[in-house]
1. Which number in (1) touching a helix residue (DSSP H, G or I) at 6+ places or on another chain (Cβ under 8 Å); (2) touching a residue at least 40 places away in the same chain (Cβ under 8 Å); (3) under 29 Å from residue A:169 (Cβ atoms) marks the one condition that residue B:126 misses?
2. Take the residues in the stretch B:74-92 that are in contact with a strand residue (DSSP E or B) (Cβ under 7 Å, 6 or more places away or on another chain) and away from chain A (no Cβ under 14 Å); name whichever of them is surrounded by the fewest Cβ atoms within 10 Å (Cβ to Cβ).
3. Are there any helices (runs of 4 or more DSSP H) wholly within the stretch A:157-233 with 2 or more residues that are more than 14 Å from chain B (Cβ to nearest Cβ) and surrounded by 15 or more Cβ atoms within 10 Å (Cβ to Cβ), and if so which?
4. With the requirement that a residue be assigned to a helix (DSSP H, G or I), without any contact (Cβ under 8 Å) to a residue 12 or more places away in the chain and over 20 Å from residue A:125 (Cβ atoms), what does the stretch A:32-49 give you?
5. How about the stretch B:73-91: which of its residues are part of a helix (DSSP H, G or I) and either over 19 Å from residue B:51 (Cβ atoms) or modelled with pLDDT of 95 or more (or both)?
6. From the list A:170, A:126, A:177, which one is over 28 Å from residue B:117 (Cα atoms) and in contact with a strand residue (DSSP E or B) (Cβ under 7 Å, 6 or more places away or on another chain)?
7. Grab the helices (runs of 4 or more DSSP H) fully contained in the stretch B:93-211, keeping just those with 3 or more residues being more than 11 Å from chain A (Cβ to nearest Cβ) and farther than 22 Å from residue A:117 by Cβ.
8. Kindly establish whether residue A:70 is under 27 Å from residue B:160 (Cβ atoms) and without any contact (Cβ under 8 Å) to a residue 24 or more places away in the chain.
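The values are calculated or read from the model by the stated rules, or taken from the named source; none is laboratory data. The structure displayed is predicted, hence computed values, not measured ones. Every residue, glycine as well, gets a Cβ built from its backbone with ideal geometry; the counts of neighbours run over all protein chains shown.
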């Protein structure tokens, strides 16, 4: 403790400090998370270790409690905002240090829909898990998805929608990919509050991801399959 | 069926617990439904509402609807559900298909108050519009401002509303107080304000067909 009664993060050992980052992420304390990231880096931690052990693990706990109905959207948003602040510090360092890459994802909210909270969270968690993420933003027509796939050659296409009225547009994108003979070149993951597994199956997506943590796990497992196929060939 | 033993000048007050057709509705429509029943002197209806705050947690709607339907089915001639899809991703429709029950047409109350066709026509221009109905204007503070945690964390405002450009107030009644509230909500969110009077739209039409 410091003289004014506040916890001095510098006084904590590494293990305690990482635990504290998890707690501060959970409580949405952005400045504290930023400070802890700087301290860990100062102690010689690699940016990748800080990212995975402190930030990503902290957000995983937040995700579990959100799924279990212990945390609600506002708290998750505050936590995500804190993680974003930590990521902001780490991103250039990760690039400079050549952290391991899992794969590449193009992600965007579909045409007619401007909701991006979930999509942004998925993007951030995917980045945290080592994916390169190209975020197309909101209200994306099929042409924009196609152009991005052409330009960036991702492994995964992620589509998000929050509205019952806009989620059918995902099928438009997938059908267009089929018409162009490019559907099987990509893993297509879909997500958003009104979606479910049946819907994902019906529109021809590879998987429905109910939250950011599931998106990361699903993406990783598809990348592992792809890697195994390439090794076998 | 309309009431015939009252003079047109007599007040008609809706009394729950009577009527052969159960209207199972979102609480956000309760006031409007009662108003329509009383204005039209419909005696066929009974009304039960589920919490309107489930607007923010749609996964609670279907299990509660199922329970209400199963509990009420034997006691009424028919049941009519007054919900849109309301963010359930088709789960309300799946349930109603299993139970053989109809609901109001359309994805949400914005569409059936505006009229499905009108709503579809303006959809592109309204893509950055956040809709308020009378109910949402009346309960903006509780349901939206506090419900989304912006009272405790105003810093969340740009995360929730950063992509919106306007509030579109779809008014069911010509009520100046509500219009002022909707305008104040727009100001608070830093958005432009647009007023559209819709009346009760297809809600009235669909109830009339079952009265």
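1. (1)
2. Restricting to residues being in contact with a strand residue (DSSP E or B) (Cβ under 7 Å, 6 or more places away or on another chain) and away from chain A (no Cβ under 14 Å), the top hit is B:77.
3. Once the helices (runs of 4 or more DSSP H) in the stretch A:157-233 are filtered for at least 2 residues that are more than 14 Å from chain B (Cβ to nearest Cβ) and surrounded by 15 or more Cβ atoms within 10 Å (Cβ to Cβ), what remains is A:169-179, A:212-232.
4. A:42, the sole residue that qualifies.
5. B:73, B:74, B:75
6. When all the criteria are applied, what remains is A:126.
7. Those helices (runs of 4 or more DSSP H) span B:109-114, B:116-122, B:134-138, B:176-189, B:201-208.
8. When the stated conditions are applied, residue A:70 passes them.
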